[in-house]
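What follows draws every value from the coordinates through simple rules; no lab data is involved. Everything numeric in this text was worked out from a predicted model, so none of it was measured. Every residue, glycine among them, receives a Cβ derived from its backbone with ideal geometry; neighbour counts consider all protein chains shown.
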Amino acid sequence: MVKNNEEKNKFAFLLPNLMTAVSLFLGILSVLASVKGEFDKAGIYIFLSLIFDGLDGRIARMTGTCSKFGVEFDSLADLVAFGVAPSMLIYFAAGCDYGKMGVLAAGFFVVFGAIRLARFNVQSECIEPNVFIGLPIPSAAVFITCWTMVLSLYGLLAEYKSLIIVASFALALLMVSNIRYPSFKKMQLSKQALMKIFVLVLLVLAVMFLYFLETLTALITLFVLSGIVRAVYNLTIFKLKNRHS
């Protein structure tokens, strides 16, 4: 009986780390696809990596197998899947036409993403924060991936490569900024609010069924902009209060 429990505990410990390993491997596949110029495939690998990245943490918390090893392994996997992989997509899809500026755009995305991950690990281990300080690196990766794929889908990538470069610098700065972004994992909502959100989610899913990439791009863009708008609003209110005081 004791041996069976030990085997279950070992399996429970291995399962979230297996999800992390899959996420890491998908990140490597994305890098190789970008090198080959297969940008759509590279983007799909990043999206799949995001799914497995979400699974590892949830499984670890559900099974009570959160560990320092798991946190560090997850961060290393995130750096590859959401730092290195998107930076290669940035470089080969757009940056290679801009010389050193393109190299800087890809490099800054990785370096600032690593700083973002290190800061997150210091602030919280297995505890989910109420808000994220700075743009989370998976969100930055999804943003740049979505826009690259959308521009490619509509044949506009060649004309708007400069926007990818500008966006990569902006995302890098947002990741290490003090701008706060909402964490939806600890939201406490009433039953009425939950019902409204449920209906809204169904409508969004219906639109995504018809226009998946375009809808996902719109949603991640709204999320990224929400932090900036909120920061500007709070700063404006703060200045107005100081004037009247």
Given bins 10 angstrom wide, list per bin the percent of all Cα-Cα distances in the range 5-112, short to long.
17, 39, 26, 13, 4, 1
Would you please give the residues with an amide H less than 5 Å from that of Arg180, counting only those at least 5 places away or on a separate chain, with H modeled from the backbone geometry?
Gly134
Can you compute 3J(HN,Hα) from phi for each residue in the range 112-118, using the Karplus curve 6.51 cos²θ - 1.76 cosθ + 1.60 with θ = phi - 60°, rounded to whole Hz and x for Gly and Pro?
5, x, 5, 5, 4, 5, 5
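Give, rounded to the nearest 20 debye, the magnitude of the charge dipole that the chain has about its Cα centre when Lys and Arg contribute +1 at Cβ and Asp and Glu contribute -1 at Cβ. Don't skip to the answer; put the middle values down first.
On the way: 21 positive and 14 negative charges, 195 e Å.
Here the size comes out at about 940 debye.
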Quotient of Cα radius of gyration and Kirkwood radius for the chain, i.e. Rg/Rh, equals 1.01
Provide the packing ranking of 229-242, 206-219, 34-47, 105-118, i.e. peptides ordered by the mean count of other C-beta atoms within 10 Å per residue, highest first.
105-118, 34-47, 206-219, 229-242
Once you list every other residue whose beta carbon is under 14 Å from the beta carbon of Tyr45, what net charge do they have if Lys and Arg are +1 and Asp and Glu are -1?
-1
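At 0.36 nm per residue, and after removing the present C-alpha to C-alpha distance, how many nm does the segment from Ile237 to Thr221 gain when stretched out fully? Let's see the in-between values first.
Numbers: separation 16, 0.36 × 16 = 5.76 nm, distance 2.42 nm.
Length gained between Ile237 and Thr221: 3.3 nm.
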Here the range 220-229 yields Karplus 3J(HN,Hα) values (6.51, -1.76, 1.60; θ = phi - 60°; whole Hz; Gly and Pro given as x) of 5, 5, 4, 5, 4, 5, 4, x, 5, 4
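Provide the gained length on full extension for the span Val229 to Leu156, in nm with one decimal, where the gain is 0.36 nm per separating residue minus the Cα-Cα distance.
Details: separation 73, 0.36 × 73 = 26.28 nm, distance 2.76 nm.
Taking 0.36 nm per residue and subtracting the Cα distance, the gain is 23.5 nm.
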Within the chain, count lysine pairs with alpha carbon atoms under 28 angstrom apart where the residues are 8 or more positions apart or belong to different chains.
14
